[in-house]
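Below is one structure; the comments refer to it alone.
What follows is calculated from the coordinates using simple rules that are stated; it is not laboratory data. Only a predicted model underlies this, so the values are computations on that prediction, with no experimental measurement involved. Don't worry about glycine lacking a Cβ; one is built from the backbone with ideal geometry, like all the others, and counts go over all protein chains shown.
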Amino acid sequence: MKHQLVDAQSGLEQLCRRVACAARVGLDTEFHNERSYVARLMVVQLAFEEDVVIVDPLRLPELRPLVEALGKTLVVGHALTSDLKIFADRFGAAPDRVFDTQIAAAFCGYGLSVSLADLVHDIAGVRLKKSQTVSDWSARPLSSKQTEYLTDDVAHLLELHDKLTKRLEESGRLHWALEECRLLGQLERYQVDLRKMYLRIPGATRMNRRELGVLRELVALREATARRRDVPLKYVLPDDVVAGLVALRPQRVEDLAQLRRLDAGARKSLGQDILAAVRLGESIAEEELPVRPTRPLGNQRDGLVAVMNVLIGEIARANGLPATLLVPRASLERVARELPESFEGMQAMLELEPWRTQLVAEPLWRLLSGESSLRIEGRQSGDPRISFS
């Protein structure tokens, strides 16, 4: 498929008008995220019915108009979460009408993590050349091999959209896939809950509420600093250093020297801010301290989650779907912890989309209420399988 490069503002303006008027556009991005707080866009590829456009963000001062134009059409891509997160983080916007071919393929029996190369080969009969997977996308000019790779990555997306849609219509699962894809277009999906970031620090579940208050302030300091500097969180304060600061509760800058992983540069640039964050955490009123994270379930309820997982796995197998696509483990843990007293209560705890509820709610409730059981059949024939009745 022919391609063109857009690396000037006049070309971008024309492209935005074209995108906004298109019925659908294939999308992929190349980015680097090793040394920045938010991934840095290096290349954006767009596929139209007749050609591919390669956009060079390094030569263009502002890509927001392109992101806004994408919000006016259907965006087709493969494993779109990372691409849309970059738009959400960098521009505070993301296309809300999307079709993810990886998600659609999962509803067609391909599993939840089928690669674009495998999907294109199976559906379109084309082998993609993946020689540039670890290429340095910041290098300019782009080589001919890089350009070929970039073009291939989007050239077949619209064909996949057509053929997967047809298969989904034939199986009666198109609305399931579209419902799942719709969730990808929700901007809040990519927004970090700053109030809960401290729970990601290893060891947080073992801390008391006062320690969690200090931890929360230190994590807030780290996040604000990383965002301002546009560097990864670990470049500001690694997780183990944050946990060490909570245990140390330093009162003077000199106290920071007790943490060998907190180098002299960090002590100089962040020392006073760290002390201020510790003091703030120590001054939080008792009733306003963070609540301790939920403890592990314990053996009995862990066993209940395991049994429910077996049932979910059997439902997934019977429907040709990946088990992980049906119910998040966190939802099953909530059910095991709270033990709902009614079918409606269980549905509310699961917080599932309609298509998921349709598949799993009734059999799961029958299992929890003791109306049905799991058993193993086919052992004597050498073909053991789980039966639910």
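If I stretch the segment between Asp273 and Glu338 completely, what's the gain in nm (0.36 nm per residue apart, minus their alpha carbon distance), one decimal?
This chain segment gains 19.3 nm when fully extended.
So what J values fall out for the stretch 342-351 if you push phi through Karplus, 6.51 cos²θ - 1.76 cosθ + 1.60 with θ = phi - 60°, rounded to Hz, Gly and Pro as x?
So the Karplus estimates, Gly and Pro as x, are 9, 4, 5, x, 5, 4, 5, 5, 5, 6 Hz.
Grab every C-alpha pair in the stretch 299-351, bin the distances at 5 angstrom width from 0 up to the longest one, and report whole percents.
P(r) over the stretch 299-351, rounded to whole percents: 4, 22, 27, 25, 17, 5, 0.
Using θ = phi - 60° and the Karplus form 6.51 cos²θ - 1.76 cosθ + 1.60, what ³J(HN,Hα) does each residue of the stretch 374-389 get, whole Hz, x for Gly and Pro?
9, 8, 9, 10, x, 5, 5, 7, x, 10, x, 8, 8, 10, 10, 8
Taking one equal scatterer on every alpha-carbon of the stretch 194-288, how large is log10 of I(q)/I(0) by Debye at q = 0.12, 0.21 1/Å?
Taken in order of the listed q values, log10 I(q)/I(0) reads -0.32, -1.05.
Give me the three principal axis extents of the stretch 4-46 from the C-alpha atoms, as integers in angstrom, largest value leading.
Here the Cα extents, ordered largest to smallest, are 35, 23, 17 Å.
Quick one: length gained pulling Ala224 to Asn299 fully straight, 0.36 nm per residue minus the C-alpha distance?
Contour length minus the Cα-Cα distance gives 23.1 nm.
Fewest first, what order do Phe99, Phe343 take by the number of other Cβ atoms within 10 Å?
Arranged by neighbour count, lowest to highest, Phe99, Phe343 become Phe343, Phe99.
In Å and from the alpha-carbon atoms only, list the Rg and Dmax of the chain.
25.2, 72
Average projected area of the Cα convex hull of the stretch 299-388, in nm²?
Average projection, Cα convex hull of the stretch 299-388: 6.2 nm².
Near the amide H of Met207, under 5 Å away, which other amide H atoms are found, from residues 5 or more places off or on another chain, if H is placed in the peptide plane?
Hits under the 5 Å cutoff: none.
As a footprinting exposure proxy, order Trp176, Trp355 by other Cβ within 10 Å, with the fewest listed first.
Fewest-to-most ranking of Trp176, Trp355: Trp355, Trp176.
How many angstrom lie between the C-alpha centres of the stretch 254-293 and the stretch 337-376?
Each part's Cα centre sits 44 Å from the other's.
Exposure proxy check: Lys196, Lys85, Lys2 ranked by fewest other beta carbons within 10 Å?
Placing the least packed residue first, the sequence is Lys2, Lys196, Lys85.
Work out from phi, with θ = phi - 60° and the Karplus expression 6.51 cos²θ - 1.76 cosθ + 1.60, the ³J(HN,Hα) of each residue of the stretch 107-112, listed in order in whole Hz, and give x for Gly and Pro.
Result, rounded to whole Hz: 6, 9, x, 8, x, 8.
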